[in-house]
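Worksheet: one structure, shown below.
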């Protein structure tokens, strides 16, 4: 990921894992899954449930990418609000995506329950607005969810109600979703890996795929020390697809996002962060997001970069974002700072599909990866088994390539993100409510 890769609080608070051996020799299987994040592991579990043999290849370690580094928010719906989706895709398609969003959160909960994964699962997510111009939009979308989608889980919070929940500075009002979840992402992905192995999946770590060769009937996957011959392939590489499949790489942009963890807070300080132990995200274009850990540390994400490197001091990089919301934490020690690379698409909706019905892929979850990424893994498995209806709902979302090609995508992104960040401060729009 990066030459400067400090240990995250998630790593420090997770049980030590025994690393799996790298792939060696020649192997044959029904499906080869490339990428052992939550999408690839969810696919592996679903494929084994369907009776297919599975080999999983991971270039680094289980959950090395965004799957094990993110904010832990498990949101309902898609990365865009339903009113926006209806305008872009039509009511019928938007309703289908809403149902899949509900299924995604349910699937996360079901997997945790089924395999008894201890990952600090909690309930309740708050989307908090940083600008009063959003109030009418917030209320309109909540009313729309109630009347058109028969969804009662979302509730508008007035300024007075928001102040009762959090003492964060600069926030006006918000939407509370009582059905959304939050969790410890690295424990979750480690739990998925162990569950997949219990079902009979073979997982190899430190196994970089160098080439994929499609033939008429099979696909051959090459690594440094071995090969896999498979009937089907699942590409679950997301931000790490690079040149393995250039046709997919052009649809996403890798960006770096950063998090910090504080020392454990007093009960009084913890209640000032969130009285109901919610996961919270604000309406900034470059989103700030936070939650409390089981031992009452504040886990806070804020700030992005678009270069190949992380900042030299991540704690100092994120700290101003933290203090802009909670200046009462000025004297609080920051114990951990880490970064992760995720993939966004131009419209912030997932890019899902297949190549010649041999290679299936899902990527570009744009910050909604725990729920939609987990679901995408299952949908790819079902599509491989011939159950394509739900998979097709994502597949027909139009995803444009980023302009500029490999050389100009990065500077184009930087210019665009700076523009929209400024625009967000002047005239914000609803990003997503739940």
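Do we have residue 176 as under 30 Å from residue 329 (Cβ atoms), in contact with a strand residue (DSSP E or B) (Cβ under 6 Å, 6 or more places away or on another chain), part of a helix (DSSP H, G or I) and at pLDDT 95 or above here? No: the conditions fail for residue 176.
Note on segment 1-103: enclosed helices (runs of 4 or more DSSP H) holding 1 or more residues that are crowded, with 16+ Cβ neighbours inside 10 Å and free of Cβ contacts under 8 Å to residues at least 40 places away in the same chain are 82-89. Can you spot a residue in segment 117-132 that is at pLDDT 95 or above and more than 21 Å from residue 367 (Cβ to Cβ)? Yes, there is a match, as at least one residue in segment 117-132 is at pLDDT 95 or above and more than 21 Å from residue 367 (Cβ to Cβ). Here residue 268 meets the list (1) under 27 Å from residue 177 (Cβ atoms); (2) in contact (Cβ under 8 Å) with a residue 12 or more places away in the chain almost entirely, failing just condition (2). Scanning segment 364-416 for residues that are at pLDDT 95 or above, outside any helix (DSSP H, G or I) and crowded, with 24+ Cβ neighbours inside 10 Å yields 364, 365. Determine, yes or no, whether residue 275 is more than 18 Å from residue 130 (Cβ to Cβ) and free of Cβ contacts under 8 Å to residues at least 12 places away in the same chain. So residue 275 fails the test.
Taken over segment 354-367, the criterion of being without any contact (Cβ under 8 Å) to a residue 60 or more places away in the chain and out of contact with any strand residue (DSSP E or B) (no Cβ under 6 Å at 6 or more places or on another chain) is satisfied by 357 alone. Could you tell me whether segment 232-240 includes any residue that is over 22 Å from the mean Cα position of the chain (by Cα) and either surrounded by fewer than 17 Cβ atoms within 10 Å (Cβ to Cβ) or assigned to a strand (DSSP E or B) (or both)? Taking every residue of segment 232-240 in turn, at least one turns out to be over 22 Å from the mean Cα position of the chain (by Cα) and either surrounded by fewer than 17 Cβ atoms within 10 Å (Cβ to Cβ) or assigned to a strand (DSSP E or B) (or both).
Scanning segment 322-352 for residues that are surrounded by 20 or more Cβ atoms within 10 Å (Cβ to Cβ), under 17 Å from residue 272 (Cα atoms) and touching a strand residue (DSSP E or B) at 6+ places or on another chain (Cβ under 6 Å) returns a single hit, 322. Within the option set 186, 171, being in contact (Cβ under 8 Å) with a residue 60 or more places away in the chain, crowded, with 19+ Cβ neighbours inside 10 Å and assigned to a loop (DSSP other than H, G, I, E, B) holds for one residue only, 171. Applying the criterion of being in contact with a helix residue (DSSP H, G or I) (Cβ under 7 Å, 6 or more places away or on another chain) and assigned to a loop (DSSP other than H, G, I, E, B) to the residues of segment 153-168, the residue that is surrounded by the fewest Cβ atoms within 10 Å (Cβ to Cβ) is 167.
Residue 360 meets each of the listed conditions (1) touching a helix residue (DSSP H, G or I) at 6+ places or on another chain (Cβ under 8 Å); (2) surrounded by fewer than 20 Cβ atoms within 10 Å (Cβ to Cβ); (3) at negative phi apart from (2).
The values are calculated or read from the model by the stated rules, or taken from the named source; none is laboratory data. All of these numbers come straight from a predicted model, not from anything done at the bench. Cβ coordinates were reconstructed from backbone atoms using ideal geometry, including for glycine residues, and neighbour counts include every protein chain displayed.
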